[in-house]
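Engineer: Questions regarding the structure given below will be posed in turn.
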Amino acid sequence: MGYRRGVTSTLYRNGVVHSPADPFAEALLVADGRVAWLGAEDSVHTVLDGADEVVDLDGALVTPAFVDAHVHLLETGLALGTVDLGVGAGARSLVDALDLVAAAARRTGDLPVLGHGWDETAWPEGRPPTRAELDRAAGGAPVHLMRVDVHSAVVSSAMARDAGCVGLPGWREDGLLTGEAHERARASTRDVDDAAREGLYRRALGAAAAAGVVAVHEHSSPSLDTRAGLALALALTAGAGSALPLVVGYRAEACRTVEDARELLEAAPGLTGIGGDLTVDGSLGSRTAALREPYADAPGSGDLSLDAEAVEAHLLAVTAAGVHAAFHAIGDRALDAVLTGTASAAAGPLGARVRGAGHRVEHAELLDDDGVARLASLGLTASVQPAFDHRWGGPDGMYAQRLGRARAARMNPFAALAAAGVPLALGSDSPVTPLDPWGAVLAAVTHRTPAHRISARAAFRAHTRGGWRAAGLDGTGAGEVRLGAPAHLAIWETVSLAVQAPDARRAWWSTDQRAGTPLLPELGEDVPAPRCLRTLRDGVVVHDGLG
């Protein structure tokens with residue numbers, strides 16, 4: 001075996017190993033980047049002499065590391081270093097947000113003030129800051145504040161002038177930007193050199209690794225990052241020797257022909273898919289998601305960026321080029337366009353390949369029963385973000401404000417998707433919501449609409465193996481702890497491990513009452529979250545809290 005041939009190997013012992021292959025495992029040997037042995041503590045002596053290093057887990061839990069199926073690396077790196085205007089960061093009102101902007105302006109002088117995460121639906125004033133208010137708070141300095149959904153922003157007069165967004169489609173005199181004006185202003189604040197860009201990637205990937213995430217699906221688009229930037233991220237993390245999580249690359253550029261797709265694949269070597277945040281519509285928070293019926297709290301029903309014919313053309317081009325597509329679609333009218341375009345592509349000469357390619361829908365939020373059935377029949381994967389429901393769901397949340405309670409109750413039907421056999425992959429859409437995989441698992445099993453909840457086991461698998469499957473990379477055994485599988489692992493300090501629910505409030509957490517079921521941490525609003533002690537990619541440590 002590999003660990004007998006002088007390959008550096010590590011024996012992890014005296015822990016709890018989450019492995020369906022051996023539900024009672026307490027130790028494992030990692031050698032040559034793979035799980036080389038798995039067993040009980042009383043069997044450790046059989047491999048102890050072959051281990052170059054021995055780590056006493058002291059009861060810690062070993063699981064497959066998480067995969068975040070939807071992130072934006074550059075945006076995440078920037079957000080980690082800019083003004084956080086979320087309620088959790090202290091911006092509990094519009095006044096608080098303006099105070100934070102003023103304090104940042106005093107620190108930065110004439111440099112632009114960049115902020116993110118504001119959500120006017122969580123503030124008592126119920127509105128974003130205006131351009132005039134930002135001018136006063138920042139003393140005339142350029143200010144760019146991204147809304148939490150990243151589909152709109154507010155800017156000061158100096159930023160509007162410097163970015164050249166005044167008068168463009170989506171420009172408003174009060175400084176609230178959507179559409180082309182928003183994209184122009186955002187691009188002007190993200191024009192960084194290669195060294196700075198790499199630093200931002202490393203910052204984001206470091207945060208992912210610290211959260212127990214071993215791979216991220218980067219959803220790059222022209223409005224968020226450059227082709228060259230995506231190529232840099234892919235090259236930077238191509239091997240485990242980088243000591244960084246793997247970047248699985250998607251690029252959101254619409255293709256009309258197979259030549260378009262091939263040219264893009266050549267420009268970004270290692271690209272997994274073409275799409276990702278290829279926007280069919282926008283977001284509910286910014287009222288740019290495309291709906292069948294008007295918004296409940298404002299005129300209009302959003303706009304389509306791609307219609308069914310454009311979806312079909314993109315699918316055919318990408319399928320012929322040998323990769324898979326991914327579409328950003330949130331509203332029901334946007335999902336109609338994706339499903340109609342996919343059905344048309346699947347009815348043509350490439351039909352079998354279209355259905356078997358693993359094409360994806362990102363977010364897939366406002367689905368009815370017919371939409372769920374069509375997703376399943378067309379072989380589409382749903383890449384979803386449970387933290388969205390946790391933050392904006394429920395009868396009094398932002399979804400209900402935008403849609404009314406009846407339509408909002410249809411949002412994010414995870415249980416129906418799982419029951420229909422639609423493959424699920426979980427993610428954060430970071431920086432829209434944090435890199436917090438256990439929080440996503442908890443949000444999926446405590447969905448604010450009880451009928452949409454899924455089991456802890458289903459949510460955990462969707463956030464581990466599901467991410468590899470969505471990228472077409474699950475054939476190696478990634479996402480599982482079993483002999484021969486890649487050692488993509490996370491080690492956790494937890495409060496308690498139990499399949500038995502401690503009380504009626506947490507009955508949903510009981511994944512299975514059968515003896516031998518692999519354990520998961522107890523999670524809850526009043527339970528400390530598991531702390532990641534170490535993250536391994538192919539056996540290489542990419543995050544270390546063990547010392």
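Engineer: By how many degrees, 0 to 90 and rounded to 10, does the Cα axis of helix 179-189 deviate from the longest principal axis of the chain?
Structural biologist: Roughly 70 degrees between the two axes.
Engineer: Here is a further query. Rolling a 1.4 angstrom probe over the protein chains, ignoring ligands and nucleic acids, what is the accessible area of T446 in square angstrom, nearest 10?
Structural biologist: Using a 1.4 Å probe on the heavy atoms, I get roughly 40 Å².
Engineer: Which value, in Å² rounded to 10, gives the accessible area of F460 with a 1.4 Å probe and all protein chains present?
Structural biologist: F460 has an accessible surface of roughly 10 Å² with all protein chains in place.
Engineer: Report the relative contact order of segment 152-303, percent, no decimals, based on alpha-carbon pairs under 8 angstrom and at least 6 residues apart.
Structural biologist: The normalised contact order for segment 152-303 reaches 16 percent.
Engineer: What net charge do the residues around S377 carry, taking every other residue with its C-beta under 13 Å from that of S377, with Lys and Arg at +1 and Asp and Glu at -1?
Structural biologist: So the environment of S377 carries a net charge of 0.
Engineer: Here's something else I'd like to know. Within segment 137-232, list the GluC sites (Glu not before Pro) lying in a DSSP loop whose Cβ has at most 12 other Cβ atoms in a 10 Å radius.
Structural biologist: The qualifying sites are E173.
Engineer: Give me the accessible area of Y12, 1.4 Å probe, in Å² rounded to the nearest 10.
Structural biologist: 10
Engineer: Shifting gears a bit: What's the magnitude of the charge dipole for the chain around its Cα centre, counting Lys and Arg as +1 and Asp and Glu as -1 at the beta-carbon? Answer in Debye, nearest 20.
Structural biologist: Numbers: 48 positive and 67 negative charges, 102 e Å.
Here the chain has a charge dipole of around 480 debye.
Engineer: A follow-up question, please. Please state the shape class of segment 85-177: rounded when a/c is under 1.5, otherwise prolate if a/b exceeds b/c and oblate if not, all from the C-alpha gyration tensor. Before the final figure, lay out the partial values.
Structural biologist: Numbers: a/c = 1.82, a/b = 1.16, b/c = 1.57.
The shape class here is oblate.
Engineer: Could you work out how far helix 332-346 tilts from the main Cα principal axis of the chain, as a 0 to 90 degree angle to the nearest 10?
Structural biologist: Result, in degrees: 60.
Engineer: State in Å² the accessible area per residue of segment 63-143; use a 1.4 Å probe, count heavy atoms of protein chains only, and round to the nearest integer.
Structural biologist: Result: 38 Å² of accessible area for each residue.
Engineer: Same structure again: Can you give the relative contact order of the chain as a percent, counting alpha carbon pairs under 8 Å and 6+ residues apart?
Structural biologist: 16
Engineer: How charged is the neighbourhood of R360? Take every other residue with its Cβ under 15 Å from the Cβ of R360, and add Lys/Arg as +1 and Asp/Glu as -1.
Structural biologist: Local net charge: -3.
Engineer: Net charge around D68, counting only other residues with Cβ within less than 13 Å of its Cβ (Lys, Arg = +1; Asp, Glu = -1)?
Structural biologist: My count for the surroundings of D68 gives -4.
Engineer: Points 7 angstrom from Cα along the Cβ direction at T108 and R353: gap in nanometres?
Structural biologist: So the label points at T108 and R353 sit 4.7 nm apart.
Engineer: Right, another one. Can you give the alpha-carbon Rg of segment 146-278 over 2.2 N^0.38 Å, where N counts its residues?
Structural biologist: Details: Rg = 16.5 Å, N = 133, 2.2 N^0.38 = 14.1 Å.
Dividing the Cα radius of gyration by 2.2 N^0.38 Å gives 1.17.
Engineer: With r as the distance between the Cβ atoms of A195 and D96 and R0 = 25 Å, compute the FRET efficiency 1/(1 + (r/R0)^6) and round to 0.05.
Structural biologist: Details: r = 34 Å, r/R0 = 1.38.
Efficiency, rounded to the nearest 0.05: 0.15.
Engineer: With r defined as the distance between the Cβ atoms of E263 and V495 and R0 fixed at 30 Å, what FRET efficiency is calculated, to the nearest 0.05?
Structural biologist: Efficiency at R0 = 30 Å is approximately 0.05.
Engineer: On to the next question. With all protein chains present, how much of the accessible area of the chain (probe radius 1.4 Å) comes from carbon and sulfur, to the nearest whole percent?
Structural biologist: In the chain, the share of accessible area belonging to carbon and sulfur is 52 percent.
Engineer: Oh, and also: To test your reading of the geometry: what angle, between 0 and 90 degrees and rounded to tens, separates the Cα axis of helix 227-236 from the longest principal axis of the chain?
Structural biologist: Tilt relative to the chain: about 20 degrees.
Engineer: Could you tell me which of rounded, prolate or oblate describes segment 240-280, using a ≥ b ≥ c as the square roots of the eigenvalues of the alpha-carbon gyration tensor, with rounded for a/c under 1.5 and, failing that, prolate when a/b is larger than b/c and oblate otherwise? Intermediate results must be reported in sequence, preceding the final value.
Structural biologist: Working: a/c = 4.66, a/b = 1.81, b/c = 2.58.
Note, shape of segment 240-280 comes out oblate.
Engineer: Here is a follow-up. Can you tell me the FRET efficiency between V527 and A89 if r is taken as the Cβ-Cβ distance and R0 is 30 Å, rounded to the nearest 0.05?
Structural biologist: Taking R0 as 30 Å, the efficiency between V527 and A89 is 0.85.
The values are calculated or read from the model by the stated rules, or taken from the named source; none is laboratory data. Computed from a predicted model, the values in this text were never measured in an experiment. Glycine gets a Cβ as well: all are built from the backbone with ideal geometry, and neighbour counts include every protein chain shown. The area values use the complete protein model at the heavy-atom level, side chains included, leaving out ligands, DNA and RNA. Shrake-Rupley method; radii C 1.70, N 1.55, O 1.52, S 1.80 Å.
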